[in-house]
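The values are calculated or read from the model by the stated rules, or taken from the named source; none is laboratory data. Every value quoted in this text rests on a predicted model; they were computed, and no experiment measured them. Glycine gets a Cβ as well: all are built from the backbone with ideal geometry, and neighbour counts include every protein chain shown. What goes into the accessible areas is simple: the full protein's heavy atoms, side chains included, and nothing from ligands, DNA or RNA. Shrake-Rupley method; radii C 1.70, N 1.55, O 1.52, S 1.80 Å.
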Amino acid sequence: LNDCASASAGLLFVGCGWADAALGAVQSGGAPKRREVAAGGRRIRTVDIHSHCYAAAAWELVKDHERENPLASPPGRRLASPDLTSVADRLSQMDEDGIDVQVLGVSPNWYWADRDLARQIIKIQNEKIAEVCAAHPERFVGLCAVALQHPDMAAQQLEEGAKKMGMRGAFIGGIVGHDELSAQKFHPFWAKAEELGSLIFIHPQAAQGFPEGTARYRRANGRDFVGVIGNPMDTTLALSHLIWDGTLDRFPGLKICAAHGGGYLASFIGRSDRSIEAGFSPAIPKLPSEYLKQLYFDTLVYTHEGLRHLIAEVGASQILLGTDFPSKWAPHPVDFILDAPGLSDADRRAILSGNAEKLLRMESKL
Ligand SMILES: [Zn+2]
């Protein structure tokens, strides 16, 4: 807060409402003090691009579809993605972790639903997200839920979300039923996303995929191969289809951010390039590694060496802080970046704050 106040005397000419909100939380008593994050001696507004939530009111509409629903199986898993009625707990955890702004998104569990039911589910999710964002405008930014199995409706939901509900984009899965995200049927959705400048966050859902696609991950004797291997593979395939099938050429203005550092793609992008150079695969306008540089990725890569490599392939300008809240995949997400060797303070500010502020078109506070 002192940083904010002193900065106000100098460079700042906008309000420090988000810092005021922190003060309010402290003064209201009981709540732990909000951790304030700085990089290079400057307070920054940290933005978490990857968090999970859902609107409990939609549960009755989806609960019978257990296979498609990560919240229903295994028993108790539902608690791993807290509903939006427990916002105080969420804020408390954010304060402790040093997360100033959380981007809210719902893992799609409705890709099986017909138009009417999907419309109901999406309406409930989006209205709740918008309500929470409106109640805490300094702490939450919303990504729409969209019924991507009905692409025309999804495009409409994206537009309504952006224009009427203040949403900054959409949270989608890595595959929709059997259809890759590059399928022609999704062109209306991608066209709308490009037109609106919406951020599209792609999150894998290997646990909900079609049975023949996930069977191999399930032969794991209780070990989480679906989450450990299936999910990053799901993202790797989704991004590869968008690259190789021409979606990124057709819609070059798309702003796409992939969960878990984009899965395995950046780690092995040389093999994609080599396949084209050697003629094993048909040529595309650019090498896959070039397309990689126009995508965005969260920081959920777990080791500093993994982060170093991801940045080496795509650049610090393409990396955004992600926590996977409320899961424990990233126990100290902010420190992971602050402590990463080899980063400049400008890199840290970009990854923790600036890149997301730009992509989400958040008013600059510093
Ligand atoms: Zn996640």
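What to note about this one:
- In the range 99-119, the residues that are in contact (Cβ under 8 Å) with a residue 60 or more places away in the chain reach residues that are within 16 Å of the ligand (Cβ to nearest atom) and basic (K, R) with C-beta atoms within less than 8 angstrom, at least six apart or across chains, in these pairs: Q102/R90.
- Counted as qualifying within the range 178-274 are the helices (runs of 4 or more DSSP H) with 1 or more residues that are more than 24 Å from L307 (Cα to Cα), of a type in the set (D, E) and open to solvent by 30 Å² or more (accessible area, probe 1.4 Å), namely 187-196, 211-218, 247-250.
- Extreme residue, nearest to the ligand (Cβ to nearest atom), among residues of the range 40-56 that are modelled with pLDDT under 95 and open to solvent by less than 10 Å² (accessible area, probe 1.4 Å): C53
- Any hit, the range 348-366, residues being touching a strand residue (DSSP E or B) at 6+ places or on another chain (Cβ under 8 Å), modelled with pLDDT under 95 and open to solvent by 30 Å² or more (accessible area, probe 1.4 Å): yes
- Wholly enclosed helices (runs of 4 or more DSSP H) of the range 284-353 bearing at least 3 residues of a type in the set (A, V, I, L, M) and more than 16 Å from the ligand (Cβ to nearest atom): 304-314, 333-338
- For A134: the one exception among (1) surrounded by fewer than 17 Cβ atoms within 10 Å (Cβ to Cβ); (2) hydrophobic (A, V, I, L, M, F, W, C); (3) closer than 18 Å to A118 by Cβ: (3)
- Filter pass, Y296 being open to solvent by 10 Å² or more (accessible area, probe 1.4 Å), among the aromatic types (F, W, Y) and closer than 23 Å to V47 by Cβ: yes
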